[in-house]
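Read-outs: derived from the displayed coordinates by stated rules, not from any lab. Nothing here was measured: the structure is a model prediction, and the numbers come from that model. Cβ placement follows ideal geometry from the backbone for every residue including glycine, while neighbour counts extend to all protein chains displayed.
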Amino acid sequence: MNHVIRGRYGQFDISIPVVVVGAGAAGLIAGLAAQDNGTQVLIVERDANPSGSTALSSGLIPACNTRWQVAAKVIDNVEIFSQDIKRKNKGQADEHLVHRSCLVSGEVLHWLADNHEQNFDLIEGFLYPGHSVHRMHCHPKRTGKAFIDSLVTAVARAGIDIMNSATVTDIFASENSEIVGIRILRPDGSSEDIGCESLILACNGFGGNPGMVSKYIPEMADAMYFGHQGNLGDAINWGLELGAGVENMAAYQGHGSVAIPHGALITWAIMMEGGIQLNSRGRRFSNEHEGYSEQSIKVLQQPGGIAWNIYDQRLHQLGLEFDDYKGASENGAIKRFASIDELANGIGVSAEVVASSIEDVEAFKSGKKHCPFGRKFQETVGLNGPPYYGVKVTGALFHTQGGLAVDTEARVLRKNGSALPNLFAAGGAAVGVSGKGVEGYLSGNGLLMAASLGYLAGQSAANLVKKTKIKTSQK
Ligand SMILES: Cc1cc2nc3c(=O)[nH]c(=O)nc-3n(C[C@H](O)[C@H](O)[C@H](O)COP(=O)(O)OP(=O)(O)OC[C@H]3O[C@@H](n4cnc5c(N)ncnc54)[C@H](O)[C@@H]3O)c2cc1C
């Protein structure tokens, strides 16, 4: 069990002004921002190579006021973006945090592009649920793995050290919770103590800790966890010991479209562009356009906890633009059905039932019937089969969205709202902007908070170190 150790000063193996725990998107961006603000940084990572949930992600980062949007003639601004977030979270997140993260979202991407040679594309062609304009940016390869690898290269180019295979186990702090250092554990069982003046927690949430998931998100206790296994809630546990507040601990990003048994993410773009989900009885059961996060629970509530994503040739082609989908297709997760009879056979229900579910879609599109779940089919082009394509999916927990209470400078806050002296949090370690449950997650909220809070945490931690130095030199 990791701990906070009180009252240890001046006996560290090495000392670095800013230490960052975790080398996912949040930690790497925080490291770059701290260094660009004139402070030496060390990033400490438990894995042999940085990957985190960021590498597992689709790497889609929402941002407004960007040059890529301008080039595509997309009109977007902080107001429109924050309204989309607030509509989805039903006003259940800190408004200041929502506003600040939207405000810096474009700035972060421009800075990464201009100062750190990061390339971004704007995803066009379809809107992710809940976004009123195109604002998803990503590495040209459209994967989180490409994004994290590119950030690691940028960090190396900037001369920042990443200490890999180093799990932070303990934090050293004074009685008033000022952080003075950390202890790391090496795979061979040895440990080292590293002093610091500011500490940034960027080690994500608690999705990889079944005990904490059961405690805070009981509805997902038995669900598949699809995020990084090393995210064990360390930031939250240290924070609690230090007297920090935690917020919205039941919030999380789920996903209702993970292929089983293959364990591949099937892009929700297929649902947004006309695909439907049928349960194992051949019936639709939800409005697939409300959001893929809440769809996790809706799918888990179906017989056997599964559903079938059903779509046509055009949507199969769309899916193939995504690496995860391409991989799923190569691994045999995607089934091609030449007729309704074959499709019904694949699902294991009668052809009449499947035919009537598909006929209903036509009737919803033409306005002859209204979707009982409220989906607006006329906005999409729908299903033009055969052939039909189908993939068996389940609902999964992707990452937790509750976490350490932070202000708009990424400073970790005590329960009474005052800031801890020199502790910062970013990404999944901090509370997100997704409200209190599963349905408040707007797609992209995860990397939004990794990028925006990472950037702010790096700047704040560096500024604090510089301020303290000036004060000390004036004494
Ligand atoms: C399948 C999937 C798809 C997703 N797609 C998207 C998407 O397209 N857009 C989006 O916005 N979000 C997406 N997300 C969510 C997104 O991945 C996360 O919100 C984001 O990666 C969080 O970044 P992070 O830096 O906080 O955490 P991570 O990337 O998980 O990094 C945390 C790091 O901390 C390290 N660590 C943990 N504990 C310690 C310790 N004690 N000592 C040292 N190191 C430690 C871990 O090893 C890890 O490398 C997706 C998530 C999943 C699982």
### Scope the range 144-164; condition in contact with a Gly (Cβ under 8 Å, 6 or more places away or on another chain), buried (at least 20 other Cβ atoms within 10 Å of the Cβ) and closer than 30 Å to Asn89 by Cβ; matching residues
Gly144, Phe147, Ile148
### Query
Among the residues of the range 412-419, is any surrounded by 23 or more Cβ atoms within 10 Å (Cβ to Cβ) and either of a type in the set (Phe, Trp, Tyr) or within 13 Å of the ligand (Cβ to nearest atom) (or both)?
no
### Summary
For strands (runs of 3 or more DSSP E) lying entirely in the range 1-54, having 1 or more residues that are closer than 12 Å to Asp161 by Cα and β-branched (Val, Ile, Thr) picks out 14-21, 41-44
### Message
Of the conditions (1) assigned to a strand (DSSP E or B); (2) more than 9 Å from the ligand (Cβ to nearest atom), Val213 satisfies every one except a single condition; which number is it?
### Response
(1)
#### Entry: Out of Gly440, Gly432, Gly428, sole residue that is within 16 Å of the ligand (Cβ to nearest atom), more than 22 Å from Gly230 (Cα to Cα) and not charged (D, E, K, R)
Gly440
### Message
Given the options Asp36, Asp76, Asp114, Asp13, name the one that is more than 15 Å from the ligand (Cβ to nearest atom) and crowded, with 20+ Cβ neighbours inside 10 Å.
### Response
Asp76
